[in-house]
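The values are calculated or read from the model by the stated rules, or taken from the named source; none is laboratory data. Everything quoted here is computed from the prediction, not taken from an experiment. Side chains included, ligands, DNA and RNA excluded: accessible areas come from the protein's heavy atoms. Shrake-Rupley method; radii C 1.70, N 1.55, O 1.52, S 1.80 Å.
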Amino acid sequence: MATIYYTGASLDGFIATPDHDLSWLVTRALDPAGPMHYEAFAAGVGALVMGASTYQWLLDHLDEVGGAWPYEQPTWVLTHREFGEPPGRVTFTDAPVTEVHRAAREAAGEGTIWLVGGGDLVGQFFDARLLDEVWVQLAPVTLGAGHPLLPRRVELELLEVARNRDFACVRYAVATDGGG
Ligand SMILES: NC(=O)c1ccc[n+]([C@@H]2O[C@H](COP(=O)([O-])OP(=O)(O)OC[C@H]3O[C@@H](n4cnc5c(N)ncnc54)[C@H](OP(=O)(O)O)[C@@H]3O)[C@@H](O)[C@H]2O)c1
């Protein structure tokens, strides 16, 4: 099954401000059952992979994501940091992304692997030819600076476009022939 980067982003290609603020994203209107929203996507997710800053943001904002660790699926956090006892089924690792992907693949079974972010982490999976799709919910805002969506040159094939209230939602396949 596919390995997918699913994320919200600003129109100018950032997933967080320089100081990890996401208020520009979480305050926008989104139909939870609407096109390309998380509920439909999440139903197919078998394992998650995220970077240390994304994990830290979640820990710091559990109240905004329902009060508890929001994911039932096994989750790998790539990090060199010493975090405390994790909530949920979280594994901390600094293993090569190929090994992390193998473990996530095994755990996910028929499910998809959700690369939560950040952008460079997803880029590492792309470098290892392990990224299949990119789904982006574009918020109606530019930030000017921040943490980049995907700091690589990645050729993509457009699969789907939808409006979900405030968001322009786009879904791409990573081009296997280099695209363009
Ligand atoms: N808009 C959205 O929907 C969305 C989605 C996801 C994330 N975000 C936000 O975007 C920001 C992303 O932060 P970020 O750009 O710093 O990315 P990140 O991937 O969350 O964190 C980067 C850190 O992960 C660790 N890491 C990455 N690759 C690694 C590897 N191969 N081995 C070991 N450790 C590795 C490193 O931390 P250490 O070496 O220090 O451990 C690195 O500094 C966060 O604020 C997050 O909340 C937003």
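Structure data summary
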| item | result |
| --- | --- |
| Accessible area of residue 167 in the full protein assembly, 1.4 Å probe (Å², nearest 10) | 10 Å² |
| Segment 82-123: C-alpha gyration tensor shape, a/c 1.5 cut-off, then a/b vs b/c | oblate |
| Segment 1-89, Cα convex hull volume normalised per residue, Å³ | 131 Å³ |
| Taking only Cα atoms of the chain, radius of gyration then Dmax in Å | 15.5, 46 |
| Relative contact order (percent, whole number), the chain, Cα cutoff 8 Å, 6+ residue spacing | 36 percent |
| Other-chain or far-sequence residues with amide H under 5 Å of residue 117's (modelled H) | 51 |
| For segment 113-169: relative contact order, % (alpha-carbon pairs under 8 angstrom, 6 or more apart) | 43 percent |
| With every protein chain in place, segment 51-117: carbon and sulfur % of accessible area (1.4 Å) | 47 percent |
| With all protein chains modelled, accessible area of residue 159 [1.4 Å, Å²] | 80 Å² |
| Bridge type composition, the chain - antiparallel percent by DSSP, nearest 5 | 40 percent |
| Residues with amide H under 5 Å from that of residue 79, placed H, sequence gap 5 or more | 93, 94 |
| Hydrodynamic radius by Kirkwood, which averages 1/r over all alpha carbon pairs of segment 72-172, in angstrom | 15.6 Å |
| HN-Hα J in Hz across segment 75-89 - Karplus 6.51, -1.76, 1.60, θ = phi - 60°, x for Gly and Pro | 10, 9, 10, 7, 6, 10, 7, 9, 8, x, 3, x, x, x, 9 |
